[in-house]
Amino acid sequence: MPVRRRKKLKVMIPLASMGDIAFLLIIFFMLVSDFMRDHQEIDPALGADVGELAPAEVSVVVDREGLLWVQGVEVGLHDLGAAVEILLERRREDGIVHLNVDRSLTRPDYMPVIEALSGVGARIALVGMMDTE
């Protein structure tokens, strides 16, 4: 009696979507990781075409030591949002805050300030120096 062999089923694995998944994972990890952000230093924006701003309604300064000054009064990072929010309520409706950051500071030094200002709905205008060379 002859032995019958079973027919082997061909298994099809769709490989076209595997490439899509791999690229989506790469993009996801690039967006959520901050492996490059902590080590980047900022260069001051210098240029002859820098526009002039109206006088500051609300002024925030981050000095060389990382201390915060709002309208010339030293405040802490936790109090920054509340202080700016109170000042913006008393000012006109546009809510523009002039932010001046010392050029020696790095991104981890000034990013919490930008996040605190964004949290209260302030529109931020970065203030810098005009290049005269």
Checklist (1) modelled with pLDDT under 80; (2) part of a loop (DSSP other than H, G, I, E, B) applied to F28, failing item: (2)
Name every residue in segment 62-81 that is charged (D, E, K, R) and either touching a helix residue (DSSP H, G or I) at 6+ places or on another chain (Cβ under 8 Å) or over 18 Å from V127 (Cβ atoms) (or both), in order of residue number. E65, E74, D79
Would you confirm whether or not segment 113-130 contains a residue that is at pLDDT below 75 and either in contact with a Lys or Arg (Cβ under 9 Å, 6 or more places away or on another chain) or of a type in the set (D, E, K, R) (or both)? yes
Taking segment 101-126 and keeping only residues that are part of a strand (DSSP E or B) and surrounded by fewer than 17 Cβ atoms within 10 Å (Cβ to Cβ), one is left with T106, R123, I124, A125, L126
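The values are calculated or read from the model by the stated rules, or taken from the named source; none is laboratory data. None of these values were measured; they are calculated from a predicted model. All Cβ positions, even for glycine, are placed from backbone atoms using ideal geometry, and neighbour counts span all protein chains on display.
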